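Here the structure is laid out as structure tokens; the discussion comes afterwards.
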Amino acid sequence: MRDGSGRTGAHAARSLAARRRGRAQVDWLKAGLASSTAVFKLVVNSVGITDFPLLIDVGSADRREGYDAQREELLRFVDDADIGGLLWIAGDFHFACLGHVGRAEGELGWNQWEVLAGPGAQTANPLWTACNAPQFTYATGTNNYTELALDPTTGEITIRWIDGDGTSIATRTIRP
């Protein structure tokens, strides 16, 4: 069995099943985003939706990037519908960052933001060093936790990364 992305065997079967289940999830998410009157829409997933630099893309087949059609459909929907206040939140990369979902200005997802939380208490993924400007405004491998402050009066989200001693190591404010 082959799933169209090069996966074979049991991995391909899981991939095909995930895409079938994924259709209902994508439709549900699009409907919720389109009908939401909330100032902020936080979409939390274990894996990111960002189009990461090539060095990090090695494992993309097992992330949202591995499902190109669904990912592109969702990002295009958000871009075309001008869904404001959306922040993608993920972890599981063993580093923290804040960046544009698209790789370059004008590309799909550039006007969307994603924050990665972590690493909490594990060895950092050294690939965090590939997350550079202009796509990323911050990246670190320092053990930390992430705090979000949402201000509905300004439409701003302030993201703060805090190390194990409780010291703020970085703060960024965005208006998604």
List the residue pairs whose Cβ atoms are under 8 Å apart, where the first residue sits in the range 140-155 and is modelled with pLDDT of 95 or more, the second is among the β-branched types (Val, Ile, Thr) and outside any strand (DSSP E or B), and the two are 6 or more positions apart or on different chains.
Leu150/Val39; Pro152/Val39; Gly155/Val39
Among residues of the range 95-116 being in contact with a helix residue (DSSP H, G or I) (Cβ under 8 Å, 6 or more places away or on another chain) and either closer than 20 Å to Ile169 by Cβ or without any contact (Cβ under 8 Å) to a residue 60 or more places away in the chain (or both), the residue surrounded by the most Cβ atoms within 10 Å (Cβ to Cβ) is Ala96
I need the full set of residues from the range 77-92 which are within 13 Å of the chain's Cα centre (by Cα) and surrounded by fewer than 17 Cβ atoms within 10 Å (Cβ to Cβ), in order please.
Asp92
Hey, can you tell me all the residues within the range 104-130 that are assigned to a loop (DSSP other than H, G, I, E, B) and either aromatic (Phe, Trp, Tyr) or modelled with pLDDT under 95 (or both)?
Trp110, Ala117, Gly118, Pro119, Gly120, Ala121, Gln122, Thr123, Ala124, Asn125
When the residues of the range 156-176 are filtered to those that are in a loop (DSSP other than H, G, I, E, B) and farther than 14 Å from Leu87 by Cα, which remaining residue is modelled with the lowest pLDDT?
Gly164
Selected residue (criterion: nearest to Thr154 (Cα to Cα)) from residues of the range 66-92 that are in contact with a Gly (Cβ under 8 Å, 6 or more places away or on another chain) and at pLDDT below 85
Asp92
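The values are calculated or read from the model by the stated rules, or taken from the named source; none is laboratory data. Just so it is clear, the structure is predicted and the values come from calculations on it, not from any experiment. All Cβ positions, even for glycine, are placed from backbone atoms using ideal geometry, and neighbour counts span all protein chains on display.
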